[in-house]
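**Student:** This is the structure I want to talk about, given as structure tokens.
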């Protein structure tokens, strides 16, 4: 299978994303004609883009074959400010005590599972503060 995209003149640099492997297809080649292009690879996942000179129209051709699944790298944990606990959270967790252990699987289930509630029957209509 081949996908061809014609890019109009942009008068500015253009980022061309390189498709990642999917269950449907594997990208085997990318050709960029009629422009200067620099391939840039993201370090953690290996995702590629081309930084292209957009001062004239150019053509991008992706050549693919039937897929073999997603690359394992996209499912891995990558250390960043978005995946690391803040210093304040770490300190608060340590202050709770050393005998408390929460595994990652337990933490995930705690953060995504709804906690059942029940109304306390006192003969009146339950208020939000009395429902636990």
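The values are calculated or read from the model by the stated rules, or taken from the named source; none is laboratory data. Being a predicted model, the structure only gives us computed values, none of them experimental. Every residue, glycine as well, gets a Cβ built from its backbone with ideal geometry; the counts of neighbours run over all protein chains shown.
**Student:** Among the residues of the stretch 66-86, count how many are assigned to a loop (DSSP other than H, G, I, E, B) and either touching a residue at least 60 places away in the same chain (Cβ under 8 Å) or touching a strand residue (DSSP E or B) at 6+ places or on another chain (Cβ under 7 Å) (or both).
**Tutor:** The total comes to 2.
**Student:** How many residues are surrounded by 16 or more Cβ atoms within 10 Å (Cβ to Cβ), outside any strand (DSSP E or B) and touching a strand residue (DSSP E or B) at 6+ places or on another chain (Cβ under 6 Å) if we restrict to the stretch 26-52?
**Tutor:** 1
**Student:** Here is a follow-up. Return a yes/no flag: does the stretch 7-15 have any residue that is part of a strand (DSSP E or B) and exposed (fewer than 11 other Cβ atoms within 10 Å of the Cβ).
**Tutor:** yes
**Student:** Does residue 55 satisfy the condition of being under 30 Å from residue 10 (Cβ atoms), at pLDDT 80 or above, in contact with a strand residue (DSSP E or B) (Cβ under 7 Å, 6 or more places away or on another chain) and assigned to a loop (DSSP other than H, G, I, E, B)?
**Tutor:** No, not satisfied.
**Student:** Right, next: As an exercise: evaluate residue 23 against (1) assigned to a loop (DSSP other than H, G, I, E, B); (2) loosely packed, with under 14 Cβ neighbours inside 10 Å; (3) in contact with a strand residue (DSSP E or B) (Cβ under 8 Å, 6 or more places away or on another chain) and give the number of the one condition it does not meet.
**Tutor:** (3)
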